[in-house]
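Coordinate-derived values only; no laboratory data. Small disclaimer: the values here were computed from a predicted structure and weren't measured. All Cβ positions, glycine included, derive from the backbone under ideal geometry; neighbour counts span all protein chains shown.
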Amino acid sequence: MADTPGFWIYQAPNLVLAAIMYTLIGRFLLSLVFEPGTDKVIWRVFAQVTNPIVNAVAFVTPTLVPDRVVVLFAVVWILLARVLLFFTMRAYGLVPAVAG
C-alpha cells in the first residue's frame with residue numbers, strides 16, 4: 001500500500017499541514033503560559049516556526065483581532081486546507097484505499 005504513488009501524493013502534503021497545524025496549536029497553548037516577548041527557548045522556537053503562517057493570516061484578518069486569536073484563525077485555515085486537500089485528492093482517486 002505504501003508503494004503506490006497515491007499514498008505519498010496525498011500523505012506527504014497532509015503530514016506537512018498536520019505538523020503546521022499542531023505546531024500552531026502548541027504556540028497557542030504556550031501563549032497562555034508565556035508572554036509574547038519572553039526569552040524562553042521553547043517560545044522562541046514555536047514563534048519562529050509559525051510566524052510566517054501567522055503573519056499571512058494576520059494580513060487578511062482585521063487588526064482588531066488579538067494575536068492569540070489570529071493563531072487560532074491560522075489553525076482553522078490549515079484545517080480547511082487539509083479538508084480541501086482530502087476532497088481534491090479523493091476526486092482524482094489519489095486517496096489510498098482502506099484495506100480490510
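Values as computed for the structure displayed
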item: Percent of C-alpha pairs per 10 Å bin, the chain, short to long; result: 15, 38, 25, 16, 6, 0
item: Sorted peptide list for 72-78, 45-51, 60-66, criterion being average Cβ within 10 angstrom, highest first; result: 72-78, 45-51, 60-66
